[in-house]
Every structure is written in structure tokens, then in C-alpha cells.
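The structure appears below as C-alpha cells.
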Amino acid sequence: MSWTASRSYSLQNPLFTAVTSSTIGGHTDHFILQSGTATQQLPLGALPELGVSFIRVQWVDFTNVVRYRVLPLSYFYGLLQSHRPGLTVTKSVMGLVFDSIVEGFSPVGEYIYVIDLASLRLCTYAPGHAAVFGFFQPKTDIGAEIGVPVCPRTTLQRIVRQAAEIYHARFLVGTETEFILLKSTKPPDAVNNKGWCASAALLTGAAETQVMNEIAIALIEAGIELQVFHSEAAGGQYEVVIGPLRPLEAADVLVHTRETIYNIANKHGLRATFAPRLNKDKYGSGAHVHISVTNSPGSPTPTLWSEDPPLTSLEARFLAGLLTHLSAVTVLTQPLPQSYGRMVDGAHAGGTWVCWGVDNREAPIRLTNETSPKSKNFEIKNIDGTSNPYLALAGLLASGLIGIRDRLELTHKNCAISKTAAEMSVDERKTMGICKRLPLDVDTARKHFIEDEKVKELLGEEMVRVFVQVNKVVSSFMDRILDI
């Protein structure tokens, strides 16, 4: 993944900002709840001129299903005049698994899904539509901001806010999206078998070339910083790389990117799949994230922890937290039984040992651009496209934040030698501080998640409990599919 040389932003504004506008499609004087994360807000009054007729109010549930309701633009404008603009949604919203509701959820009760205008973006893959996210909140208005513990966007935002306000740490997140374009699904038949960065994978006139070009144009026209796209190692596999953003916006943009890929592929009669691994003898598809951590403006500059590689004390503690709690949050980044077929040793997927290294693609955490203070970042590799972006990022950032909060010492050494962790002897791994393997299956991953009290404290006990309930049902369903 490329990482821009510099990216600046301000955390001076509160994460919730009251915004007043005098003209919105002829309406006036509205009060809107915003997250304060967007680099550029889409002008509401310009939507008709942009050809927008419908607004998709969308969210992502615990199974990573994108759900939305479509509102005519006139109704959306009217909705914005209310005291708390939003839609009512059943409280069982996060207990849905396909067409059923998991045990413990009731059809009684509703949340209000409060619109976050900062997330408004044109659906350039669906002419006439724009999309917006929100925050689930209690239906009863008590005159204060109260989050719902099971709201993925609220959880991520809370972690980011806590990092900034209490520990003076701020994050940027870049994303990679790998996927395979299929001509058919039964059996899976990729559009080609050309391989990594091969020119033959993007031939002029080929259907996959047209699809990739349209995906790129749609992302750019939606105001998203597309840095690069190219073919990947498996047949029909491609990667799209998006530049760094603040975490909540990065997750929103990742959802938009996936929707763009799905829809444009479908338009051309193809199926895009983010399945972790289609064939055991081929490389899998990941959704690596790149995270940089720096101190907030005005806070004391972190001391230098290491010169080779250059790491500040803030970065070292963040990395120590990630390594300590990576096993606990793996079920958030690899939520399906099939996810563990990709994370194997020797497949350039990050391997199975908890370790880190400069430009080590067989480590789950890779330090990249280590000599550049403005573009240095940690690439997290044990994450795939079946994960909910908000929960995956919340788990990773919470893990790093624990390291910052508890001032953890980085005891794992830089695994930048010629041997991978899997190739080392027990004694060699011990010398490098490598003593744990990542969970090798989803049941073990859930166990680590439940037992990590510090992660549970930051993410919230209810969120952890509900996610585990839902994940058990999803995993059981996916196992049955494999047995058919």
C-alpha cells in the first residue's frame, strides 16, 4: 500500500458538532448532529443539481451486512427539520443473522438512528442516490448525547475520542481492499488467471478492465482518495488502496468502497467476492489496514524509544498494546470460520505468530515507511473483508490504546531477519520475544475475546456479549454451508 507523504487534520473541533444552515433545498434553520470527521462535507443544497433524488440511510450490522432505507430527497430534507433527525429502527437490529434474530433479542422496542451529515456521500455507483450513516441512540430524547452500546459507529468514535481527549493520541487509517471478480459462483470461476500486477490482467476491452476503471472513476468522483489499483496474486484478484483518513471516516469510506465494487461488478454481470480464501492452493483476499499514531496538537512531543527502527514512545506503547491484545480482537478482524484458512504461515498473509517487523509480510503487524515521520505506519494484516470495519478498527485501536494507557513496554523484537517466525526454532522465537500464536480457529478467537477484561472494558461488556452471541450463530451457519 502507498501512504501519502503527509496528511494533516485538526482535532480541535468536538467529535459532535452542531451545524446550522440557512438553506437546504429551500428549507431553513435546522439543527444537525455531526461526527466532525469528514474532510469535506457534501453541500446539502447542491444535491438536486447533482442529480440526487434519493438518500440511502445506511448502517452495518454485526454480520457485516450493509443495510439501508431509501428516502426521497424531499422527505429527507423535511426530516432534517426535526429536533433530532433520524429514523426509528427495531432494537433487534444488531441481532439479525440473515433472516432470523438470535436468542436474547426482542421484537419490542426501537432505537432512533440519528443522521450524521458529515458522512453524506454521492453513490456514484448508483446514479440519483447519495448515502449517509448515523448513530443508534435511545428513542427517548433526554436532551443529551447518549450512545447505544451495540452501535458499531458509536463504539469506534468513543475509542477515538478517548484516545484524543485523555491520552492525547490521534490516528490515521488507510485501507486496502482485495477481492476476486467471478464469472460464476457455482463453481467459482474467476475472470482470468493472470496474477500479481500482470498487464494481462487489465487488457483493453476486457470486462474486468472496464469494471476496474469504472470502480476507480466512481471512487474518485465520490471524493475518495484512490491511491492505486492493480491485479493481485490469485486469478481474477484485484486490490484497491485508499489513502489515510481519521478512523470513523476511514470505516465509512471502506463501506462505500465495498459497495462500489459490488455494484459495478454486478452491473457488468460479474460477482465480486471478499471471501478470505476461495482455493487452498491460491492466495487469499485480505483487508489490511494501515494505522499511524501521533500525539495531538499542543501535547508534549513523545520521546524517542528506538532509533533502529525509529519509534517514539507513543508508537512503541501502541505497538505493545496491539501485540498483547491482538489475539483477543482477532474475532473482530477474522469473524468467520473461513477467515482462518487465509491466515496461514507461508502465504504472505501475516502468518500465525504474534510478532512484528519492518517490511515483514509474514508478520501480522508490519512497520512500513519506518524512516519517514510523516508516513510511517503499522500495517495490520490479520483482517479480511468479512469483518465489520467499525468493530475491527475499534478493536485494533482499543488494543493499542491499552498499551498507551498502561505504558506497556515493547518486549517483542523487530522481526526483520531472513527467517520468518514460523521458520524459527523455539529458542530463536524466544530470543525475539515471540511466544504466542494467533487463534487458529474462530472458536478459539471468541474465547480470547471473552477472556480479555481490558479489551472488554474499552469496547463495552454489552457490545462484547452481543457480538459473541451473533458470531456463534453466524459461524454455525457457515460451518453448515461447508458441510453441504
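All of the numbers you see were taken from the coordinates with simple rules; none came from a lab. Please read all numbers here as calculations on a predicted model, not as lab measurements. Cβ atoms come from the backbone with ideal geometry, glycine included; neighbour counts cover every protein chain shown.
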Checklist entry - Using alpha carbon coordinates only, what is the Rg to Rh ratio of segment 51-157, with Rh defined as the Kirkwood radius? => result 0.97
Checklist entry - Where Rh is the Kirkwood radius over the Cα pairs of segment 322-417, the temperature 37 °C and the viscosity 0.692 mPa s, what D in µm²/s does Stokes-Einstein return? => result 237 µm²/s
Checklist outcome for this item: All alpha-carbon distances of segment 148-226, grouped into 10 Å bins from 0, give the whole-percent distribution 14, 28, 25, 19, 14, 1
Checklist outcome for this item: Expected unfolding gain across residue 196-residue 75 under the 0.36 nm per residue rule, minus the alpha-carbon gap, is 38.9 nm
Next on the checklist: Test of understanding: express the Cα radius of gyration of segment 259-348 as a ratio to 2.2 N^0.38 Å, with N the residue count.
Outcome noted: 1.55
Checklist entry - With r defined as the distance between the Cβ atoms of residue 477 and residue 106 and R0 fixed at 30 Å, what FRET efficiency is calculated, to the nearest 0.05? => result 0.90
Checklist outcome for this item: One finds the C-alpha centres of segment 390-463 and segment 283-360 to be spaced, in Å, by 8 Å
Checklist entry - Evaluated at 20 °C with a viscosity of 1.002 mPa s, what Stokes-Einstein diffusion coefficient in µm²/s does segment 356-467 have when Rh comes from the Kirkwood expression over alpha-carbon pairs? => result 135 µm²/s
Next on the checklist: Quick query: amide H of residue 232 versus all other amide H atoms, modeled in the peptide plane; which residues come in under 5 Å with a sequence gap of 5 or more or a different chain?
Outcome noted: 197, 237, 238, 239
Checklist entry - Listed highest first by mean packing, meaning other Cβ atoms within 10 Å per residue, what order do 66-72, 128-134 come in? => result 128-134, 66-72
Checklist outcome for this item: In the chain, helical segments from DSSP H whose Cα atoms cover 15 Å or more along their own axis and that average at least 0.5 on the Kyte-Doolittle scale are 207-221, 313-333, 389-405
Checklist entry - When N is the residue count of segment 80-221, what does its C-alpha Rg come to as a fraction of 2.2 N^0.38 Å? => result 1.46
Checklist entry - Cross-link partners among aspartates and glutamates for residue 454, C-alpha distance below 12 Å, same-chain residues fewer than 8 apart left out? => result 406
Item to check | Protection proxy ranking of 247-253, 57-63, 42-48 - average other beta-carbon atoms within 10 Å, highest first | outcome: 247-253, 57-63, 42-48
